[in-house]
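Enquirer: Provided herewith is a single structure, encoded as structure tokens, for subsequent inquiry.
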Amino acid sequence: MSSPKVQSSVRDQVSKAEWRVRVDLAAAYRLVAHYGWDDLIFTHISGRVPDSEHHFLLNSYGMMFDEVTASSLVKVDLDGNKVMDSAGAINPAGFTIHSAVHAAREDAHCVMHLHTEHGIAVSAQKAGLLPISQQAMFALSSLAYHDYEGLALDENEKPRLVADLGANTSMILRNHGLLTVGRTAAEAFLAMFMLQRACRIQILAQSGDSDLATVPNQILNKVSRQVGAVMMGQGAELTWPGLLRKLDRIDPSYRD
């Protein structure tokens, strides 16, 4: 009588490099939930699978952000088709924005798209993000805008979205939400943290019903040249371990 087959875990089926990406991506989902930026089961954070033919990891549709684990992430191709057996499935429509950015930007290993309240509020303002805080300086140094074209279901919108994003790190989707990209989940998260906080500060400042002090263009241009050391690379790499420690204290199950 043959012995029953033992189903291997997801960790056993993937490379060490992919598992590290899975853990970091799951951590990003948990952090978004922790900071209150999630929108029930909607919006996504996607991550490129290392050394793959354009394969990506995405949350299982229907799973809350504070439930996401490294093993629960679904592996798909650029068309949103599953390329690895998993219990979950993705919302193909939700991958429209992400697949467009991943296909056009080889450096965009992680794409984060959120519907935060303050982000949407700023996205609805004609002037967009204002240079009124140091946090805004970071976001404005690499910020694009994309006009609202309805629900992100139309493949024809992809070229316009990619063209608007250009080589920028962050984008405000008009009347919709926020988007950031990074070479790692850490970079995409730090960019989102700065953009979201800048939006929140702007809404708070505007609620005071008084004239706002804006940063002059010459200072804005100066800061734009300075932010590289903080926003990319060093800043993200220094911030991320502390964020993971925070999650480990709260609930380390994202690592499962």
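The values are calculated or read from the model by the stated rules, or taken from the named source; none is laboratory data. Fair warning: this is a prediction, and the values are worked out from it, not measured in the lab. Cβ sites come from the backbone with ideal geometry, for glycine too, and all protein chains shown count toward neighbours.
Enquirer: Here are the criteria: (1) closer than 18 Å to TRP37 by Cα; (2) of a type in the set (D, E, K, R); (3) buried (at least 16 other Cβ atoms within 10 Å of the Cβ). Tell me which single one GLU117 does not satisfy.
Expert: Tallying (1) closer than 18 Å to TRP37 by Cα; (2) of a type in the set (D, E, K, R); (3) buried (at least 16 other Cβ atoms within 10 Å of the Cβ), GLU117 fails exactly one: (3).
Enquirer: Something else now. Return the residues of region 134-147 that are outside any strand (DSSP E or B) and either among the hydrophobic types (A, V, I, L, M, F, W, C) or modelled with pLDDT under 95 (or both); say none if nothing qualifies. Talk me through it step by step, then tell me what you get.
Expert: In the first step, residues of region 134-147 are kept if they are outside any strand (DSSP E or B); the result is 134-142, 147.
Result: GLN134, GLN135, ALA136, MET137, PHE138, ALA139, LEU140, SER141, SER142.
Enquirer: So for region 133-146 (the condition being touching a Pro at 6+ places or on another chain (Cβ under 9 Å) and surrounded by fewer than 24 Cβ atoms within 10 Å (Cβ to Cβ)), does at least one residue qualify?
Expert: Pass one, region 133-146, residues touching a Pro at 6+ places or on another chain (Cβ under 9 Å): 137, 140.
Next, from what is left, pick out any that are surrounded by fewer than 24 Cβ atoms within 10 Å (Cβ to Cβ): 137, 140.
The answer is yes, given that some residue of region 133-146 is touching a Pro at 6+ places or on another chain (Cβ under 9 Å) and surrounded by fewer than 24 Cβ atoms within 10 Å (Cβ to Cβ).
Enquirer: Among the residues of region 148-172, which ones are in contact (Cβ under 8 Å) with a residue 40 or more places away in the chain and in contact with a Ser or Thr (Cβ under 6 Å, 6 or more places away or on another chain)?
Expert: Across region 148-172, the qualifying residues are ALA152, THR169, ILE172.
Enquirer: Just to be sure, is ALA87 over 24 Å from ILE120 (Cα atoms) and surrounded by fewer than 15 Cβ atoms within 10 Å (Cβ to Cβ)? Can you show your working first?
Expert: Values: over 24 Å from ILE120 (Cα atoms): yes; surrounded by fewer than 15 Cβ atoms within 10 Å (Cβ to Cβ): yes.
Criteria met by ALA87.
Enquirer: Do we find that LYS75 is of a type in the set (Lys, Arg) and crowded, with 19+ Cβ neighbours inside 10 Å in this structure?
Expert: Here the answer is yes, as LYS75 does meet what is asked.
Enquirer: Moving to a separate point now. Let me confirm something: among ALA27, ALA87, which residue is more than 27 Å from GLY150 (Cβ to Cβ), aliphatic (A, V, I, L, M) and outside any helix (DSSP H, G or I)? Outline the logic, then answer.
Expert: Details: ALA27 fails: outside any helix (DSSP H, G or I).
The match here is ALA87.
Enquirer: Among the residues of region 45-54, write down those that are under 16 Å from LYS82 (Cα atoms) and modelled with pLDDT under 95. Walk me through it before giving the result.
Expert: Start the filter on region 45-54 by keeping residues that are under 16 Å from LYS82 (Cα atoms), which leaves 46-49, 52-54.
SER52, GLU53, HIS54 - these are the residues of region 45-54 that are under 16 Å from LYS82 (Cα atoms) and modelled with pLDDT under 95.
Enquirer: Another question, if that's okay. For TYR61, state whether it is within 29 Å of ALA121 (Cβ to Cβ) and part of a loop (DSSP other than H, G, I, E, B). Walk me through how you get there before you give the answer.
Expert: Numbers: within 29 Å of ALA121 (Cβ to Cβ): yes; part of a loop (DSSP other than H, G, I, E, B): yes.
In short, yes.
Enquirer: Would you list the helices (runs of 4 or more DSSP H) that sit entirely within region 148-256 and hold 3 or more residues that are crowded, with 21+ Cβ neighbours inside 10 Å? Working first, answer last.
Expert: Values: elements: 158-165, 185-206, 217-226, 228-231, 234-250.
Hits in region 148-256: 185-206.
Enquirer: How many residues are farther than 20 Å from SER99 by Cβ and either without any contact (Cβ under 8 Å) to a residue 40 or more places away in the chain or exposed (fewer than 15 other Cβ atoms within 10 Å of the Cβ) (or both) when one looks only at region 36-46? Write out each step before concluding.
Expert: Initially, region 36-46 is screened for residues farther than 20 Å from SER99 by Cβ, giving 36-38, 40.
Now drop any that are not either without any contact (Cβ under 8 Å) to a residue 40 or more places away in the chain or exposed (fewer than 15 other Cβ atoms within 10 Å of the Cβ) (or both), which leaves 36, 40.
Residues that pass the stated criteria total 2.
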